[in-house]
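Everything on this sheet refers to the single structure shown next.
The values are calculated or read from the model by the stated rules, or taken from the named source; none is laboratory data. These figures come from a predicted structure and were not determined experimentally. Cβ coordinates were reconstructed from backbone atoms using ideal geometry, including for glycine residues, and neighbour counts include every protein chain displayed.
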Amino acid sequence: MLGPVILAASRSDKMRRFVSAAPGTKQVVARFIAGETVEQVVPVVKEAVAKGLEVTLDVVGEDITTREQAAAARDAYLELIEQLAGLGLGTKAEMSVKLSMFGQSLEGGHELALANVRPVVEAAAAIGTTVTLDAEDHTTLDSMFAIHEELRKDFPQTGCVIQAYLFRTEDDARRLSEAGSRVRIVKGAYKEPASVAHQDKAEIDKAFVRVLKILMEGDGYPMIGSHDPRLIAITQELARSAGRKLDDYEFQMLYGIRGDEHVRLAAEGHRMRVYTAYGTDWYGYFMRRLAEKPANLLFFLRSMITK
Ligand code: FDA
């Protein structure tokens with residue numbers, strides 16, 4: 001019951017101000033956010049790679065309101081890619097981006113987001129890596145998939161995300177299951193109406209498995225973004241029965257969540273990519289992590305009281 005309330009609060013400016021100023025917030029945020037600056041995140045990337053993990057880097061931020069902020073988001077990713085260039089990590093360090101941060105919801109936003117994300121995808125390709133377009137709320141997805149298709153004409157390795165809770169996703173999975181495509185499947189983290197998305201956890205899990213099956217039996221490269229032990233076991237089973245080798249798909253988990261499992265799966269020979277978020281505009285990202293697990297909220301409230 002708490003999840004939807006927290007997700008509603010994730011869009012409130014009043015709550016943003018309250019949470020940002022609360023005592024103890026920084027300490028809890030640090031569990032999920034790897035640093036505030038590119039200088040702070042680079043050692044985190046090196047440490048992950050040294051443990052046999054791979055990363056996808058997210059400069060946190062979304063729902064910006066001016067074209068200048070959208071350009072600043074583009075520049076933040078370009079700065080990150082410049083820093084990664086010297087490390088020679090190739091696809092071990094890729095990028096994840098939210099198109100709303102690149103101006104998608106502003107006037108003329110579709111074209112603006114495409115214009116801002118293209119140089120990021122180009123710069124990533126120039127250092128031998130790639131970009132995945134995150135999936136945001138359902139009203140943004142037609143534009144996201146169109147931008148994905150456009151980018152893939154020049155950069156076929158550009159990935160995208162599909163969300164199991166949406167009714168549309170099985171069709172999207174079939175469309176995206178072609179050779180060379182890279183698709184991350186996740187349960188979905190936004191507050192969506194019952195007209196477009198499953199609301200029941202068990203229904204979402206069943207939908208996840210149906211989509212997973214489509215991806216595994218297809219010709220693309222599935223990226224499984226989940227911490228759910230049951231879905232991880234099902235992924236391994238479906239991959240085996242589809243005749244996929246360990247490097248024909250990958251697991252992805254979030255920085256700060258089930259860290260032991262990251263290392264365990266990598267030690268078993270799986271490709272394990274850690275979604276590593278950093279930056280100062282962490283509010284929306286942080287609130288979605290609280291919504292996923294109410295125990296996080298209790299921990300957060302306790303840290304406010306004990307400060
Ligand atoms: P579930 O929520 O059932 O969690 C399974 C177990 O994992 C829990 O029991 C708990 O142990 C642990 N866990 C999960 N979340 C936790 C948390 N916040 N804190 C502590 N423990 C937690 N969504 C989206 O809409 N668009 C996107 O682009 C992405 N991108 C993305 C990338 C990657 C790499 C991941 C892993 C996830 C996303 N998501 C996302 C988020 C996704 O939609 C979903 O909300 C979370 O992954 C939680 O769902 P699980 O599959 O982990 O299962």
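Pick from Gly159, Gly109: which is on the phi < 0 side of the Ramachandran plot, within 14 Å of the ligand (Cβ to nearest atom) and modelled with pLDDT of 95 or more?
Working: Gly109 fails: within 14 Å of the ligand (Cβ to nearest atom).
Answer to the check: Gly159.
Only residues in segment 292-303 that are farther than 14 Å from Val29 by Cβ count as the first member; pair them with residues that are in a helix (DSSP H, G or I), Cβ under 8 angstrom, at least 6 apart or cross-chain, and list the lot.
These pairs meet every condition: Glu292/Gly3; Pro294/Leu2; Pro294/Gly3.
Out of curiosity, is Asp63 charged (D, E, K, R) and touching a residue at least 60 places away in the same chain (Cβ under 8 Å)? Can you show your working first?
Values: charged (D, E, K, R): yes; touching a residue at least 60 places away in the same chain (Cβ under 8 Å): yes.
Taking the combined requirement at face value, the residue satisfies it.
Output the residues belonging to segment 255-270 that are within 11 Å of the ligand (Cβ to nearest atom), crowded, with 20+ Cβ neighbours inside 10 Å and of a type outside the set (Phe, Trp, Tyr).
If the condition is that a residue be within 11 Å of the ligand (Cβ to nearest atom), crowded, with 20+ Cβ neighbours inside 10 Å and of a type outside the set (Phe, Trp, Tyr), then His262 is the only one that fits.
From Thr66, Thr25, which residue is out of contact with any Phe, Trp or Tyr (no Cβ under 7 Å at 6 or more places or on another chain) and over 24 Å from Val274 (Cβ atoms)?
Numbers: Thr25 fails: over 24 Å from Val274 (Cβ atoms).
Answer to the check: Thr66.
Does Arg273 satisfy being within 16 Å of the ligand (Cβ to nearest atom), surrounded by 20 or more Cβ atoms within 10 Å (Cβ to Cβ), at pLDDT 95 or above and among the basic types (Lys, Arg)?
On the way: within 16 Å of the ligand (Cβ to nearest atom): yes; surrounded by 20 or more Cβ atoms within 10 Å (Cβ to Cβ): yes; at pLDDT 95 or above: yes; among the basic types (Lys, Arg): yes.
It is true that Arg273 is within 16 Å of the ligand (Cβ to nearest atom), surrounded by 20 or more Cβ atoms within 10 Å (Cβ to Cβ), at pLDDT 95 or above and among the basic types (Lys, Arg).
Of the conditions (1) under 15 Å from Arg289 (Cβ atoms); (2) in contact with a Leu (Cβ under 7 Å, 6 or more places away or on another chain), Gly3 satisfies every one except a single condition; which number is it?
(2)
Among the listed residues Arg240, Arg264, identify the single one that is farther than 30 Å from Val42 by Cβ, out of contact with any strand residue (DSSP E or B) (no Cβ under 8 Å at 6 or more places or on another chain), of a type in the set (Lys, Arg) and at pLDDT 95 or above.
Working: Arg264 fails: farther than 30 Å from Val42 by Cβ.
After ruling out the rest, the residue left standing is Arg240.
What residue, among those in segment 141-191 that are closer than 19 Å to Asp219 by Cβ and touching a residue at least 60 places away in the same chain (Cβ under 8 Å), is surrounded by the fewest Cβ atoms within 10 Å (Cβ to Cβ)?
Narrowing segment 141-191 to residues closer than 19 Å to Asp219 by Cβ: 145, 148-149, 152-153, 155-162, 169-185.
Restricting the remaining residues to those that are touching a residue at least 60 places away in the same chain (Cβ under 8 Å) gives 159, 161, 184.
Working: Gly159: 24, Val161: 22, Arg184: 26.
Looking at residues that are closer than 19 Å to Asp219 by Cβ and touching a residue at least 60 places away in the same chain (Cβ under 8 Å), I get Val161.
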